[in-house]
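Student: Once you've had a glance at the structure underneath, I'll fire off some questions.
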Amino acid sequence: MPASARIVSQIVAVLLMVFGAGLQLSDIGDPFGTGIISMGSFTLIFTMLVTLTMINAYNLVDGADGLAGSLTLIALLAVALVSGIHHPAAAAALTVSGAIIGFLIFNFPTPWNRPVRSFMGDAGSTMLGFAVVWITLGVSQGDARVISPVHCLWFAAIPIFDCLTCFVRRAMKGKSPFSPGRDHFHHILFRGGFTVRPALAILTGLQLTYALIAVAAHYAGVADVVMFVAWSLLFATQRTVIRQIGRLHRCHKLKKLRRMSAAAA
């Protein structure tokens, strides 16, 4: 499908979520320490913007076997953990998580499933992004909210960071933010000499760490403004951190090759 048709279909899906399920991003919590910020008359537009960003963030991060599924699984299990087993959103999160686990059996990069490997494709990755938004709105909005929207940002930190940093870098270079490129986090790790499985371990490990931090902060009652400042600092430095991991690994491999060459000589 062309990009225009995909965007239109995604907008229709968002409208079904808002008007069919009554889910929308009516406030963003208290990220600046000034009180709850309500979207007011901009609620529909802001919900549309955030949802489309998340849908396509999970689509763009799907550049290695097992990556999009693993990142989504972490986000949904975190939501289920903070919402409690009796919350309707927890039931939805665990249901989708079960489907993801079943899929990862045939998508995770292991030698034993190579003859029966399955691939997600754009339809799968965009559906996962939409599921994360839908379920997260169910626990972070309205009078029955169980967690702040600011804390929920941490559950999907890696896809959001990857998407936004790529968009900003492409715009600064005079390119369309939607143009294809090899500037995503997994590409940086690949250029650093990592294969699929180590790159997958690094990115899912980072996302798991961020999700656990958010869950712990939620139960500890950490203020939204503290979590938002910390999240913003991570956003500003995440690409540099991942690039440094790739650079250190590349230097380590070069030193190892030199030692092997010297030993052979």
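Student: I need the calculated FRET efficiency for the pair residue 191 and residue 9, taking r as the beta carbon distance and R₀ as 35 Å, to the nearest 0.05.
Tutor: According to the calculation, E is roughly 0.55.
Student: Looking at segment 77-155, which chymotrypsin sites (Phe, Trp or Tyr not before Pro) are DSSP coil and have at most 16 other C-beta atoms within 10 Å of their C-beta?
Tutor: Answer by residue number: 106, 119.
Student: Shifting gears a bit: If amide hydrogens are placed 1.01 Å from N in the peptide plane, which non-local residues have theirs closer than 5 Å to the one on residue 25?
Tutor: The answer is 47.
Student: Determine ³J(HN,Hα), in whole Hz, for all residues of segment 175-185 in sequence, where each value follows from phi through the Karplus function 6.51 cos²θ - 1.76 cosθ + 1.60 and θ = phi - 60°; x replaces Gly and Pro.
Tutor: The phi angles translate into 9, 5, x, 8, 6, x, x, 10, 10, 7, 4 Hz.
Student: Let me have the relative contact order for segment 150-265, percent, based on Cα pairs under 8 Å that are six or more residues apart.
Tutor: It comes to 42 percent, rounded to a whole number.
Student: What percent does the relative contact order of segment 3-264 come to when contacts are Cα pairs within less than 8 Å and at least six residues apart?
Tutor: 24 percent
Student: Now a separate question. Report the calculated FRET efficiency for residue 236 and residue 209 (r = Cβ-Cβ distance, R0 = 22 Å), to the nearest 0.05.
Tutor: So, using R0 = 22 Å, E works out to roughly 0.80.
Student: Follow-up. Which residue, chosen from 36, 15, 220, occupies the Cα position most advanced towards the positive end of the dipole of the chain, where the dipole is computed from +1 (Lys, Arg) and -1 (Asp, Glu) charges on Cβ about the Cα centre?
Tutor: Checking the options against the dipole of the chain, the answer is 220.
Student: Based on the Cβ-Cβ distance from residue 261 to residue 201, what FRET efficiency comes out when R0 is 25 Å, to the nearest 0.05?
Tutor: E between residue 261 and residue 201, to the nearest 0.05, is 0.30.
Student: On to the next question. Apply the Debye scattering formula to the chain, with a single equal point scatterer on each alpha-carbon and no solvent, then give log10 I(q)/I(0) at q = 0.09, 0.11, 0.13, 0.15 Å⁻¹.
Tutor: -0.43, -0.64, -0.89, -1.17
Student: On full extension of the chain, what length is gained from residue 169 through residue 39, given 0.36 nm per residue of separation minus the C-alpha to C-alpha distance?
Tutor: 44.0 nm
Student: Cα centroids of segment 1-63 and segment 154-205: how far apart, whole angstrom?
Tutor: 21 Å
Quick note: the coordinates plus some simple rules give every number you see, no bench work behind them. Since the structure is predicted, the reported quantities are computational estimates derived from the model, not experimental observations. Don't worry about glycine lacking a Cβ; one is built from the backbone with ideal geometry, like all the others, and counts go over all protein chains shown.
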